[in-house]
Amino acid sequence: MTLPFLLAAAPFAPVDQEYLFEARQMQALSFAVHIPIVCFGIAFPAFVLLLEGLWLRNGDPLYRTIAKRWSKVMLALFAVGVVTGTILSFELGLLWPNFMATFGEVFGLGFTLEAFSFFVDAIFIAIYVYGWDRLSPRAHFLTGIPVVVAGFTGSLMVITVNAWMNNPSGFTLERGRVSDVRPLEALFGNDYLWHELVHACRGPSPGERSRSEVLDMKSPI
């Protein structure tokens, strides 16, 4: 354990709550459902946009057909991710109220910025999915770019909070109370952030092999 973590935990008594094991089980189950879905949800828009870009470049209707069909899957993944993510947000406050009350002001900025990314994602994913045959091809393609970017920035904000939880910093703890809060340092100056970011975002992202497989697709038409 790192020194900041030990210093943060020192003023508090041992955990004493009757439902501790059940709370951990509930949180773990929610994460087990949410994380795989969100990983697909972050990567899928990049696949769909790649296919639409290939259609714009090559004019092959197969790319457009697949992109349009996959955009519906993309929307379903987004919807399920929203539901499971909302459950997680409530669990943080309901299952760990003392933790959130004590340290929420330190890492709360990350969740605030993630909320902005979510709203951008929600707006443009609706325009993208329902904009087929309603927008010009290039305008439709451009509406998909914010979906990809917002998915990445939203995951970045959540990962900054996770990195902080693994390596607390950016605050001073005096007699069990948090003071001298430095949220930017806590979230973006954390040594744990960058390798967690690479690990979390590189895993679900479309790799070179997937891209080459898409490029090798031949239209039966």
**Prompt:** Does segment 88-100 include one or more residues that are in a helix (DSSP H, G or I), within 19 Å of residue 125 (Cβ to Cβ) and touching a helix residue (DSSP H, G or I) at 6+ places or on another chain (Cβ under 6 Å)?
**Reply:** no
**Item:** Subset of segment 130-178 [under 19 Å from residue 56 (Cβ atoms), crowded, with 18+ Cβ neighbours inside 10 Å and under 19 Å from the mean Cα position of the chain (by Cα)]
**Value:** 144, 146, 147, 148
**Item:** Filtered residue count, segment 125-160, keeping only those that are in contact (Cβ under 8 Å) with a residue 24 or more places away in the chain, closer than 17 Å to residue 51 by Cβ and part of a helix (DSSP H, G or I)
**Value:** 12
**Request:** Say whether the condition of being in contact with a Leu (Cβ under 9 Å, 6 or more places away or on another chain), more than 29 Å from residue 79 (Cα to Cα) and in a helix (DSSP H, G or I) is met by at least one residue in segment 163-174.
**Result:** no
**Fill in**
Filtering segment 56-82 for residues that are closer than 26 Å to residue 33 by Cα and in contact with a helix residue (DSSP H, G or I) (Cβ under 6 Å, 6 or more places away or on another chain) leaves a count of 9
**Prompt:** Across segment 51-63, what is the total count of residues that are surrounded by fewer than 19 Cβ atoms within 10 Å (Cβ to Cβ) and part of a helix (DSSP H, G or I)?
**Reply:** 6
**Request:** Answer yes or no as to whether residue 181 is at pLDDT 50 or above and either on the phi < 0 side of the Ramachandran plot or buried (at least 16 other Cβ atoms within 10 Å of the Cβ) (or both).
**Result:** yes
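The values are calculated or read from the model by the stated rules, or taken from the named source; none is laboratory data. Keep in mind the model is a prediction, meaning the values are calculated, not measured. Cβ: placed from backbone, ideal geometry, glycine included. Neighbour counts: every protein chain shown.
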